[in-house]
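A short write-up of the structure that comes next.
The values are calculated or read from the model by the stated rules, or taken from the named source; none is laboratory data. Predicted model, so just to flag it, every value in this text is computed and none were measured. Note that each Cβ is placed from the backbone with ideal geometry, even for glycine, and that neighbours are counted across all protein chains shown. Ligands, DNA and RNA are excluded from the accessible area calculation, which covers all protein heavy atoms including side chains. Shrake-Rupley method; radii C 1.70, N 1.55, O 1.52, S 1.80 Å.
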Amino acid sequence: EQKWEDLARINSAGKHLLSLVADVLDMSKIESNNVDLKIETFTLAGFVSDVRATAQALVAKNGNRLVVECPPDAGEMKTDLTKLRQVALNLIGNAAKFTNKGTITLAVRRDRKGGVDWIDLQILDTGIGISEDQLSRLFQNFGQASAATAGQYGGTGLGLAISRRFCTLMGGDITVASA
């Protein structure tokens, strides 16, 4: 039994290291303007279903529940599916990390602004929130709310910076509000 526990720890450490390397590589590509977008058309319902299936384990880790709000007639979207999925899973993962026995919601809305259709993806949670002065550091490279938060919850401080850069590359943006 000890052997399996050791293997599980080694596996976990390997996955953590891989995610750190992937984040650094993503940031390196972004900084060198070497990111290629692979634009494709996909259904929002299919995208949400895929994200839900992948996110279930992230959300359940702290006893959280995932709620999805997506109209069945949400239609299609045209963007880089892989990068959008990475952003959504990163945001859901962050929400789940800072929420304990709560609710994480993925809400999808279609809106028309300036004669153009926009898709608004919102990740809402019932977690600990963040203070106003810490909000400004969230999207900076290696930026985390505080050293205490980084120590308690972990992370590289690159996920949100990468997510924002991907969103702007795809013609959108990412914002945060907390209470």
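Hey, among the residues in region 89-116 that are part of a strand (DSSP E or B) and in contact (Cβ under 8 Å) with a residue 12 or more places away in the chain, which one's farthest from Ala57 (Cα to Cα)?
The selected residue is Arg110.
Spot the failing condition for Asp133; the list is (1) open to solvent by 40 Å² or more (accessible area, probe 1.4 Å); (2) modelled with pLDDT of 85 or more; (3) in a helix (DSSP H, G or I), and only one is missed.
(2)
Looking at region 96-108, which of its residues are within 21 Å of Ala74 (Cβ to Cβ) and open to solvent by less than 10 Å² (accessible area, probe 1.4 Å)?
Those that are within 21 Å of Ala74 (Cβ to Cβ) and open to solvent by less than 10 Å² (accessible area, probe 1.4 Å): Ile104, Leu106, Ala107, Val108.
In region 158-179, which residue that is in a loop (DSSP other than H, G, I, E, B) and among the small types (Gly, Ala, Ser) is least open to solvent (accessible area, probe 1.4 Å)?
Gly172
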